[in-house]
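Below you'll find the structure, written out as structure tokens, and then a few comments.
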Amino acid sequence: MLSREEYLAEWSRWHGGTDPSASRLVHGWLSLAYRLARAVSWMPPLAATALGLLVALAAIGPALAGGAWLVAAGLLVGLSGLLDSLDGALALAGGRASRRGYVLDSAVDRLTEAGYAVALWAAGAPGWLAAVFGALCWLPDYLRARAGQAGVAETGSISVWERPTRVVMTGFTVGGAGIVAATGLDAVAGVADGPAVVVTTGAAVGAVLGLVGTAQLGVSLRRALGE
């Protein structure tokens with residue numbers, strides 16, 4: 001397998017020259033994926049892709065159950081994100097990257113993010129807010145794809161709303177609601193339906209980050225499109 005530095009350089013090449021060190025979260029997330037890839041280098045990247053999607057969709061079940069089950073939903077969301085990054089690390093570090101796999105991985109990412117939006121709704125977020133959250137997960141990558149079709153080689157600057165942020169926000173929001181339900185912190189604080197409040201707040205914060213991240217990306221792509 002490639003060294004970690006070689007893997008990060010290869011990731012940058014596949015992502016329009018984007019420097020992963022521009023974001024500590026992205027850099028750390030990719031480094032973790034690389035370490036996992038070294039441990040399971042025998043696994044085909046496609047298997048990790050499929051497993052990540054299945055785990056993301058599986059999170060909807062405990063989200064619907066509510067209560068302490070929300071902790072399990074949050075853990076499944078986090079695991080799905082790691083599996084999604086693992087497939088890319090396996091492909092790039094193992095010299096198995098292909099354009100077909102790159103496109104498939106992007107498509108599966110959008111499906112898992114739709115699953116995250118459904119999980120947020122199932123956990124108590126208003127339907128419209130969950131839909132906005134999901135749409136803002138899709139929009140940045142849609143903009144990058146359209147810019148690429150217009151001849152822009154760069155993917156734009158790393159924003160506050162990249163894939164790791166979406167996974168972390170969803171996982172912590174749903175899992176945090178489960179902790180509130182399990183410990184009864186909402187009753188102690190005198191808050192009615194605390195888990196739903198936590199999920200709604202987390203989804204709203206995610207939506208704000210999505211708007212900010214999309215604006216950051218828009219400025220970067222507008223500059224590239226104007227050249």
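The table below gives the values:
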| quantity | calculated |
| --- | --- |
| In the range 11-41, residue modelled with the highest pLDDT [restricted to those that are over 17 Å from ASP84 (Cβ atoms), open to solvent by 50 Å² or more (accessible area, probe 1.4 Å) and part of a helix (DSSP H, G or I)] | ARG38 |
| Condition met for SER106 (closer than 25 Å to ALA196 by Cα and either open to solvent by less than 20 Å² (accessible area, probe 1.4 Å) or within 17 Å of the chain's Cα centre (by Cα) (or both)) | no |
| Residue match in the range 78-87 (condition: modelled with pLDDT of 95 or more, farther than 25 Å from HIS27 by Cα and either open to solvent by 20 Å² or more (accessible area, probe 1.4 Å) or out of contact with any helix residue (DSSP H, G or I) (no Cβ under 7 Å at 6 or more places or on another chain) (or both)) | no |
| Residues of the range 150-173 classified as more than 13 Å from the chain's Cα centre (by Cα) and of a type in the set (Asp, Glu), total | 1 |
| Residue match in the range 63-72 (condition: open to solvent by less than 20 Å² (accessible area, probe 1.4 Å), touching a residue at least 40 places away in the same chain (Cβ under 8 Å) and in contact with a Leu (Cβ under 7 Å, 6 or more places away or on another chain)) | yes |
| Residue that is among the basic types (Lys, Arg) and not in a helix (DSSP H, G or I), where the choices are ARG96, ARG110, ARG100 | ARG96 |
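The values are calculated or read from the model by the stated rules, or taken from the named source; none is laboratory data. All of these numbers come straight from a predicted model, not from anything done at the bench. So basically every Cβ, Gly included, is an ideal-geometry build from the backbone, and we count neighbours across all protein chains shown. Surface areas here come from the heavy atoms of the whole protein model, side chains and all, with no ligands, DNA or RNA. Shrake-Rupley method; radii C 1.70, N 1.55, O 1.52, S 1.80 Å.
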